[in-house]
């Protein structure tokens, strides 16, 4: 009965109640219905809070009735009879209760996360509409956003930018629209779908730029002065079965939710910090601190290790293939052989004949080699024991390839408590596919005993490139060998190779692209606690699984065999 609404007219003439003064005008119920409802109301004892509210309302109505000819009041039917009785008896006494705190309205601006939660729109789309409401078209605004997120400059020094041709931008927009249509039969993708399409089609770096551009807030001067209302996920519940999230204002969690929320709301907008870590390939950032008493140890950053193993296989395979530029030239007779040799043809243009490159057999499958990453001459200081007191040998303990590199400098990337992340620089590397750096079984430690340990023990005048190669050639006795460098190896290096029956072949360093050399000439070495290593592996495995194997097992597992050189 409390939900029934009664509409009544109470008139007052000269402070006395006449025949019309106390008449109740009931729009919906008349006669016996009103009496029945009043009887039902009297069956329940009113709450003390209701009596206090009715006293306050009756007093306010009495004040209005004293000032105006007629007063209209709309209220719940459960209160009607008691309020009328108070007006007739002029009884405005109320029981003592605790007063509710007076509410104050505080203005706030919608941060991008709250805007997405409330409306499903992201700031860039709202800004585009505000600039030209009549010309606004959602698909055109989305295409403009995709093009604005393209940057021609490299993302990092020494690293190439992600290729973003126009056809890939079109594919991104189509992919995002397909995601929206599949999820909820919509033609307009949400921000999470747009970023997912951008990361999958072009790359995570482009996805980060797109997310940052889409969530950038175009604030007016009055709006910038207001505190933001945000929508945040409780990070402590991300690993639990139910993720908690809600609106936050001035550092406090609110219990309010929108009365009419946007259909198919997303729990949270794309996590720009997580996308940025993925784009920089730096999942070690923001790792939780390790336990106080757990063991810490150094190891390579797994993505760097995986990429370097593929690069070494490529470099050795590249050296195994025939390089037509190294073959002799001969006059064209009845076949193109290895292709037209334009340089030789021009050189002997006066002979009025064409020259072609003659095919010659490759030196065999190359499984061993050296990469001199930066030295321009064989007389470089680094190749003769220079480079500073910190010079030494270092590389990752791979179970797939063998590699040891001259290391003369390192740059700190991250330092937090006991956690360390260092960037190591490869200057001169010996690589092999015959024996991995880390291996178990009968040949366990072969690469360490025959190559790494002797290189580390070289002292004084013996610590130079010729003694390095003496050890390396003895390890590769009688096998094909490639030497990548910017300079041609001297006769002394060739003589060393012949003394060990090594089939030495020189390849210009330019045969390996500058982008590959910039990517693999450095690597990241991490010092983490055991719990941090497990957390890092989980992050990496989850990222690979989400991109390539949504329902499959973890792609990369930790090594469960003990390391021969670690306690």
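The values are calculated or read from the model by the stated rules, or taken from the named source; none is laboratory data. If you're wondering where the values come from, they're calculated on a predicted model, not measured in any experiment. Because the Cβ atoms are built from the backbone with ideal geometry, glycine has one as well, and the counts that use them run over all protein chains shown.
Observations, loosely collected:
- Filtered by the rule that a residue be surrounded by 19 or more Cβ atoms within 10 Å (Cβ to Cβ) and not in a strand (DSSP E or B), the stretch 498-508 gives a lone residue, 502.
- The requirement of being in contact with a helix residue (DSSP H, G or I) (Cβ under 9 Å, 6 or more places away or on another chain), in a helix (DSSP H, G or I), assigned by TED's automatic domain parsing to the domain that holds residue 423 and touching a residue at least 60 places away in the same chain (Cβ under 8 Å) is satisfied by residue 516.
- Matching residues, the stretch 283-295, being touching a strand residue (DSSP E or B) at 6+ places or on another chain (Cβ under 8 Å) and surrounded by fewer than 17 Cβ atoms within 10 Å (Cβ to Cβ): 285, 289, 291, 294, 295
Results for (1) over 29 Å from the mean Cα position of the chain (by Cα); (2) closer than 30 Å to residue 508 by Cβ, shown as yes or no for each residue.
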{"position": "377", "(1), (2)": "yes, yes"}
{"position": "400", "(1), (2)": "no, yes"}
{"position": "407", "(1), (2)": "yes, yes"}
{"position": "415", "(1), (2)": "no, no"}
{"position": "420", "(1), (2)": "no, no"}
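- When the stretch 350-368 is limited to residues that are in contact with a strand residue (DSSP E or B) (Cβ under 7 Å, 6 or more places away or on another chain) and modelled with pLDDT under 80, the one that is surrounded by the fewest Cβ atoms within 10 Å (Cβ to Cβ) turns out to be 364.
- Within the stretch 386-419, tally of residues that are within 17 Å of residue 465 (Cβ to Cβ), in a loop (DSSP other than H, G, I, E, B) and touching a helix residue (DSSP H, G or I) at 6+ places or on another chain (Cβ under 8 Å): 2
- Criterion: modelled with pLDDT of 85 or more and under 30 Å from residue 252 (Cβ atoms) - qualifying residue of 99, 121: 121
- One residue alone among 216, 149, 180, 114 is at pLDDT below 90, closer than 30 Å to residue 522 by Cβ and in the same structural domain as residue 249 (by TED's automatic domain parsing), and that residue is 149.
- Subset of the stretch 80-116 [free of Cβ contacts under 8 Å to residues at least 40 places away in the same chain, under 19 Å from residue 52 (Cα atoms) and either touching a strand residue (DSSP E or B) at 6+ places or on another chain (Cβ under 6 Å) or surrounded by 16 or more Cβ atoms within 10 Å (Cβ to Cβ) (or both)]: 82, 83, 86, 92
- Some residue of the stretch 328-349 being surrounded by 14 or more Cβ atoms within 10 Å (Cβ to Cβ), in contact with a strand residue (DSSP E or B) (Cβ under 9 Å, 6 or more places away or on another chain), modelled with pLDDT under 70 and not in a strand (DSSP E or B): yes
- Some residue of the stretch 454-462 being closer than 24 Å to residue 309 by Cβ and touching a residue at least 24 places away in the same chain (Cβ under 8 Å): yes
- Criterion (surrounded by 16 or more Cβ atoms within 10 Å (Cβ to Cβ), within 22 Å of the chain's Cα centre (by Cα) and at pLDDT below 85) met by exactly one of 556, 545, 519: 545
- Within the stretch 463-496, considering residues that are in a loop (DSSP other than H, G, I, E, B) and without any contact (Cβ under 8 Å) to a residue 40 or more places away in the chain, the one nearest to residue 299 (Cα to Cα): 477
- Number of the condition not met by residue 409 [criteria: (1) at pLDDT below 85; (2) more than 18 Å from residue 517 (Cβ to Cβ)]: (2)
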